[in-house]
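These notes concern the structure reproduced below.
The values are calculated or read from the model by the stated rules, or taken from the named source; none is laboratory data. Keep in mind the model is a prediction, meaning the values are calculated, not measured. In this analysis, Cβ positions are derived from the backbone assuming ideal geometry, glycine residues included, and neighbour counts consider all displayed protein chains.
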Amino acid sequence: MQMKVLKVGLLSALLLTGTGCGSLFGDKGMFRDRSEDYKKAPQLQPITVPKGMDTATLREIYVIPKVEDNFLAEGEFEVPRPAPLVSGASGSEIVRIQKLGDESWALISVPPGQVWPQVRSFMSASGMQVARVDARAGIMETGWFTVEGQSMASRFRFRMEQGVQRGTSELHVLQMDQAGNVNAWPAKSDDTAQAAEMLRAIAQYLADSAESPPVSMIAEQGISAGGKISMQEAPGGYTYIRLELPYDRAWASLGRALEESTFEITDRDRSAGIYYVRLLGPEDGDEAGWLDWMWSSDEGHPMAGQLFLVTMKAQPDKSVSIRLQSQDSVALFDKREEQGLLALIKGNID
């Protein structure tokens, strides 16, 4: 034991006297600082995968979403004011059930990567067998089981996707029973009441479990996190909102967003895709609010009471475009005000 201690002592002395401390901790030393090495990393060509081979494992781990709001105002440059902090789901409302016609879904104010493990936990806690999982597609399916009060077995498909706004998710529930073709999922639930009850149950579970949810990196990578809405510049010079939703849902969402953005809807023409609106602005006695970021003047809000046309058109890529125009050709309505009002509407569409 004494000989081993002596050998270690001699080795330490040789390292300190023979090689010197500089060779251990300097720029060329064994324990040099490597915190800046990433700046020298070369950019390599993407790996070429042979035709027919799977490329899923070569995807980016941390994907940077494409920024669509990249337009610049024409004319003299002015530092833009920050966009208003508004969103379709309020901060106090983690989960909200939306409904349009016979279709319903849960809007959740967290990214899909956080919803995925919570849905898995819900299935485990409810005793439902997991029959199929596809994290990249955001799909989780149960096995067959009999719901209480029902005589026929059912199974359910939970589909998670990116919400309209970035950082939100949508959860859709599809139900099928054994009366039809059990080898293919139906386009709509065989029993809409069962699907609605399951959606309410899982929505309540998600709301109760939203304190510190885990994250699924696979689901986060597979389900787009960029949102379905953006502001873009048209070739004609005006700004518009691009919304990736079916026309019926986009029309209903736009109507709610206009009212939540303190517009009054005076008339609407669905066949032409036009909302006739009046900008109300804050009521008398209100404290400085969301409109104050647009005007720095102390003279109130000069556009309050102005009439606008909000037009929505279907596009060939199955998205819709939303444009804001003044009903009064004499009224002042510059590009900065156009973009500011569109930003308010955009933040409330869900």
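A few comments on the model shown:
- Residue match in region 146-167 (condition: surrounded by fewer than 20 Cβ atoms within 10 Å (Cβ to Cβ), acidic (Asp, Glu) and modelled with pLDDT under 90): yes
- Hits in region 122-179 (condition: assigned to a loop (DSSP other than H, G, I, E, B) and either of a type in the set (Val, Ile, Thr) or assigned by TED's automatic domain parsing to the domain that holds residue 243 (or both)): 146, 147, 164, 168
- Test: residue in region 114-122 that is crowded, with 20+ Cβ neighbours inside 10 Å and closer than 23 Å to residue 349 by Cα: yes
- Residue pairs whose Cβ atoms lie under 6 Å apart, sitting 6 or more positions apart in sequence or on different chains, and linking a residue in region 201-215 that is in the same structural domain as residue 110 (by TED's automatic domain parsing) to a partner that is modelled with pLDDT under 65 and among the hydroxyl-bearing types (Ser, Thr, Tyr), do not occur here.
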